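The values are calculated or read from the model by the stated rules, or taken from the named source; none is laboratory data. Keep in mind that what you see is a predicted model, and the values were worked out from it rather than measured. Keep in mind that these areas ignore ligands, DNA and RNA; they rest on the heavy atoms of the full protein, side chains included. Shrake-Rupley method; radii C 1.70, N 1.55, O 1.52, S 1.80 Å.
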Amino acid sequence: MTMIKKFFKDESGATAIEYGLLAALISVVGVTAMTLAGTQLSGLFDTVGGHIQTANGG
């Protein structure tokens, strides 16, 4: 019975799970931000490329 009480009082595993969830959340936010920035940069490069092509008479 004492061992079961110790098991339920031990919170070291909970801390590790919290850090894991925090790392997963940061990863999801980072991937989303990079994807969004990449899409916007792609559009910007397409626009600039179109302007350069137009300026060259093409």
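Look at LEU36 and say whether it is assigned to a helix (DSSP H, G or I) and open to solvent by less than 100 Å² (accessible area, probe 1.4 Å). No; evaluated as a whole, the condition is false for this residue. For the range 2-22, a tally of residues being among the acidic types (Asp, Glu) and either at pLDDT 75 or above or part of a helix (DSSP H, G or I) (or both) returns 1. For the residues THR15, THR54, the requirement of being hydroxyl-bearing (Ser, Thr, Tyr) and under 27 Å from the mean Cα position of the chain (by Cα) singles out THR15.
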